[in-house]
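The values are calculated or read from the model by the stated rules, or taken from the named source; none is laboratory data. Given the structure is predicted, the values throughout are model-derived calculations rather than measurements. FYI the Cβ positions are ideal-geometry reconstructions off the backbone, even for glycines, and counts take in every protein chain you see. Calculation scope for accessible area: heavy atoms of the full protein, side chains included, ligands and nucleic acids excluded. Shrake-Rupley method; radii C 1.70, N 1.55, O 1.52, S 1.80 Å.
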Amino acid sequence: HGHTARLYSSQDSVTILEADGVKGLLGNSSAAWVVEFYSSWCGHCVNYAPTWKALARDVKEWELAIRIGVMDCADEKNFAICAEYGIHFYPTFRYFKALTTQFTTGENYKGPNRELETIRQIMVDFLQNHTSTNKPPACPVLSTASSSSVLSLLGKHQTHYTAVIFEKEVSYVGREVILDLMQYENIIVKRVLDTDKKQKPLRSFFSSYLKSLSGVTKRPSLQYNAPVWQKDEAISLIKPWKYFDRTKVYMADLESGLHYLLRVELASHKILEGPELSTLKDFITVLSKLFPGQQPAVKLLETLQEWLVSLPLDKIPYNAILDLVNNKMRISGMFLTNRVEWVGCQGSQPQYRGYPCSLWTLFHTLTVQAATHPTMHILPGFDSPQILLQVIRKYIHYFFGCRECAQHFEEMAKESMDKVTTLDDAILWLWRKHNEVNNRLAGAPSEDPMFPKVAWPTPDHCPTCHEEIKGLHTWNEKEVLTYLKSYYSVDSISLKYSE
Ligand code: FAD
């Protein structure tokens, strides 16, 4: 199995966790773990990877007490395990205690601050939260020593150094230095509380000074050996490039996106109830009326929709839905591809594009479908021109795995979605907001260099969409609307590469 997760490689100090073996590593481990569950298509995960790598390097010497791991939930091999852990959003940080006889599902860290120093301090707190029976055996004592116990050491002849760090209660330096030196012999570091107002001590000063004392050496035997994976996956990740036409929408992207949405994104929510359940019902209703797919997929959505709305339950285990999607329907000729085959949403590297691209494509297609084939508006409760956008908004809010994306989208929706008054307006609203996102993301590390984020449609694809008024670029929105209606129309969707 591969060891080159898409954002991390075996050169980084992180342990790359894979579905195979993850339970063996995290369960009953002699060290605690901090794991970042990420998705290689999530832009914020891409942006955050350098911080996580720097953290892993920074606390490399703590690894007998606490380790840093990563798991790519966008890798098909890991779909099931990420769902089992209930990872809904990316990135999700989980802490696994050491020596749990029962496998722990960990704890979420929901803090907004994900800076290196903050996470490192949380790691120290987390280590201290272990009880005396489950603390990692190699973890040194982190609690403060009393000044009397330290005083009693003075004058005693000892074979090792005792370093005493005096500091304030709130300071983490002492504990960080204790952990930095945990693999070193002939030295013990203690922390004593000090009420004096002194300079803020620097961790790097203490750690490097103490390591340099003569006779203080690193113990070689206790090294933790990160699992070594046999084959390099990097090569197998690169799929042969599929030629495609940039002026077209591909059914393969819509179907692969729907597959991911139904079988992976939603499946991470084990039980659906309350607003999540009503959002799912509304979203499937919308899809069953507007998804521009081929017969087997549309029939599947229609059957799923009928089943969902007829259910008298206020709680549904998502497995029941999955079961329907995966097994029951094949028999009667309803099915949805279970391959991920990106075409128009291909990235030049595996971490680029893919699912979020297919989701935008789906949403635009739905707004165009709603305006050109208004079948949905005969449904009770679905007659407002805003309804589709509101359902999309709820889907993103409750289910889209990219949390920051969802927050940004919610801010845009709050600001202006309620001003949409016609179905054409809805098309243009989504187009405008997508361009705002493109503009914000231009130049970000998640941008595929082969697909730069630009105002869309570009002048070469739609010359009449662009105008200049007194030397300033403006959109001709009438032309843009015509272009969108044709670009995202059912008739122009290419079936090439679709199953
Ligand atoms: P995408 O932006 O995904 O676009 C897909 C295709 O849509 C393009 O190839 C083009 O053919 C067409 N298109 C482009 N612009 C428009 C337009 N204005 N109107 C109609 N069609 C258009 N990533 C982040 O890092 N931060 C975020 O906050 C963020 N928010 C997101 C919010 C939502 C709702 C979604 C679905 C995604 C979000 N993403 C965010 C992901 C990001 O927008 C891209 O989807 C991702 O980076 C992949 O980019 P891409 O090059 O495939 O093009």
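Structural remarks
- Taking each residue of the stretch 6-28 that is open to solvent by less than 30 Å² (accessible area, probe 1.4 Å) and looking for partners that are part of a loop (DSSP other than H, G, I, E, B) and hydroxyl-bearing (Ser, Thr, Tyr) with beta-carbon atoms closer than 7 Å, six or more apart or interchain, yields Leu7/Ser40; Val14/Tyr8; Ile16/Tyr8; Ile16/Ser10; Gly27/Thr100.
- Flag if Arg393 is within 16 Å of the ligand (Cβ to nearest atom), open to solvent by 40 Å² or more (accessible area, probe 1.4 Å) and either of a type in the set (A, V, I, L, M) or modelled with pLDDT under 90 (or both): no
- Selection count, the stretch 459-486, where residues are of a type in the set (A, V, I, L, M), more than 9 Å from the ligand (Cβ to nearest atom) and within 21 Å of Phe363 (Cα to Cα): 1
- Scanning the stretch 459-495 for residues that are in contact (Cβ under 8 Å) with a residue 40 or more places away in the chain and in a loop (DSSP other than H, G, I, E, B) yields His461, Tyr488, Ser489, Ile493, Leu495.
- Unique match (being more than 30 Å from His88 (Cβ to Cβ), touching a Ser or Thr at 6+ places or on another chain (Cβ under 7 Å) and hydroxyl-bearing (Ser, Thr, Tyr)) among Ser486, Ser494: Ser486
- Selection within the stretch 38-53: residues that are open to solvent by 10 Å² or more (accessible area, probe 1.4 Å) and closer than 14 Å to Pro356 by Cα. The member of this set that is nearest to the ligand (Cβ to nearest atom) is Gly43.
- Residues in the stretch 116-166 that are in a loop (DSSP other than H, G, I, E, B) and of a type in the set (Ser, Thr, Tyr): Thr131, Ser132, Thr133, Ser143, Thr144, Ser146, Ser152, Thr159.
- Condition check for Trp456: in a helix (DSSP H, G or I), farther than 30 Å from Gly274 by Cα and either within 8 Å of the ligand (Cβ to nearest atom) or touching a Lys or Arg at 6+ places or on another chain (Cβ under 9 Å) (or both): no
- Any chance Ser498 is small (Gly, Ala, Ser), buried (at least 16 other Cβ atoms within 10 Å of the Cβ), touching a strand residue (DSSP E or B) at 6+ places or on another chain (Cβ under 9 Å) and in a loop (DSSP other than H, G, I, E, B): yes
- Any chance His364 is closer than 18 Å to Thr421 by Cα and open to solvent by 50 Å² or more (accessible area, probe 1.4 Å): no
- The residues of the stretch 398-424 that are surrounded by 14 or more Cβ atoms within 10 Å (Cβ to Cβ), more than 10 Å from the ligand (Cβ to nearest atom) and not β-branched (Val, Ile, Thr), listed by number, are Tyr398, Phe399, Gly401, Met417, Leu423, Asp424.
- Failed item in (1) of a type in the set (A, V, I, L, M, F, W, C); (2) away from the ligand (no atom under 16 Å from the Cβ); (3) outside any strand (DSSP E or B); (4) under 16 Å from the mean Cα position of the chain (by Cα), with Val35 passing the rest: (3)
- Evaluated against (1) farther than 22 Å from Ser208 by Cβ; (2) within 20 Å of the chain's Cα centre (by Cα); (3) surrounded by 13 or more Cβ atoms within 10 Å (Cβ to Cβ), Asn113 falls short on exactly one condition, (3).
- Every residue from the stretch 234-246 that is at pLDDT 85 or above and either assigned to a helix (DSSP H, G or I) or exposed (fewer than 13 other Cβ atoms within 10 Å of the Cβ) (or both): Trp241, Tyr243, Asp245, Arg246
- Set side by side, the residues Leu304, Leu313 differ, and just one is more than 30 Å from Leu481 (Cα to Cα), away from the ligand (no atom under 12 Å from the Cβ) and free of Cβ contacts under 8 Å to residues at least 12 places away in the same chain, which is Leu313.
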